[in-house]
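Peer 1: Before I ask anything, here is the structure I am working with.
Readers should treat all values here as calculations from the given coordinates under stated rules, not as data from a laboratory. Model, not experiment: these values are computed from the prediction. As a convention, Cβ positions derive from the backbone with ideal geometry for all residues, glycine included, and neighbour counts pool all protein chains shown.
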Amino acid sequence: MNPNKSLYTAGYAKGAVPTNPAELPRFLDAELARIEALLKLLRTNAMDPTYEAPTRPRAGMLVYAPGAPYWDPGAGEGIYLYTSGGTWMKL
C-alpha cells in the first residue's frame, strides 16, 4: 500500500467507464477489487495508517496515525479523534 494514501482516506470513487466494450471486463474487475479491499477493511475494523493530516477533517473523524517520521498529531503513534474544537485527541 502506498504510505501516502490510506484506503480509508482515499475512500471509493467510481472510475470512468470505458467507452470501448472490449475494456469493460478489465474495468469491472479493477472496480470490484477496489470495493472488495475497502469492504474487507470495514469488516475487520482494521484502520490503515494515515500518513498525512487529512485535508478536511470533520468532528468525529477517527484515524490511525503512525507517528514519526510520518504524521504525528501530537502524542505519537495511535488512534486519534478529531474534536468539534478543531483538535486531534489521542484515544
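Peer 1: Projected onto the charge dipole of the chain (+1 at Lys/Arg Cβ, -1 at Asp/Glu Cβ, origin at the Cα centre), which of Gly85, Pro54, Phe27 gives the Cα projection farthest towards the positive end?
Peer 2: Gly85
Peer 1: Additional query: Quick one: putting +1 on the C-beta of Lys and Arg, -1 on the C-beta of Asp and Glu, what dipole do you get for region 15-90 around its Cα centre, in Debye to the nearest 20? All intermediate terms of the calculation are to be shown ahead of the outcome.
Peer 2: Values: 7 positive and 8 negative charges, 51 e Å.
It comes to approximately 240 debye.
Peer 1: Using the 10 angstrom Cβ neighbour count as an exposure proxy, how do Glu36, Glu31 rank, fewest first?
Peer 2: Glu36, Glu31
Peer 1: I'd like the orientation of helix 24-44 relative to the chain: the angle between its Cα long axis and the longest Cα principal axis, in ° from 0 to 90, rounded to 10.
Peer 2: The helix 24-44 is inclined about 30 degrees to the chain.
Peer 1: If I model a spin label as a point 7 Å beyond the Cα along the Cα-Cβ vector, how far apart are those points for Ala13 and Ile79 in nm?
Peer 2: Rounded to a tenth, the inter-label distance reads 2.8 nm.
Peer 1: Normalised by the number of residues in the chain, what is the relative contact order in percent for Cα pairs under 8 Å and 6+ residues apart?
Peer 2: Working: 116 pairs, mean separation 19.8, N = 91.
It comes to 22 percent, rounded to a whole number.
Peer 1: Only helical DSSP H runs with n ≥ 4 go in: add -39500 (n - 2.57) per run for the chain, normalise by residue count and round the 222 nm mean residue ellipticity to 500 deg cm²/dmol.
Peer 2: Mean residue ellipticity at 222 nm (helix-derived): -8500 deg cm²/dmol.
Peer 1: Give the percent of DSSP beta bridges with both residues in the chain that are antiparallel, rounded to the nearest 5.
Peer 2: About 90 percent, rounded to the nearest 5.
Peer 1: Work out, step by step, the length gained on full extension between Ala22 and Leu91: first 0.36 nm times the residue separation, then minus their alpha carbon distance; give nm to one decimal.
Peer 2: Extra length from Ala22 to Leu91 when fully extended: 19.9 nm.
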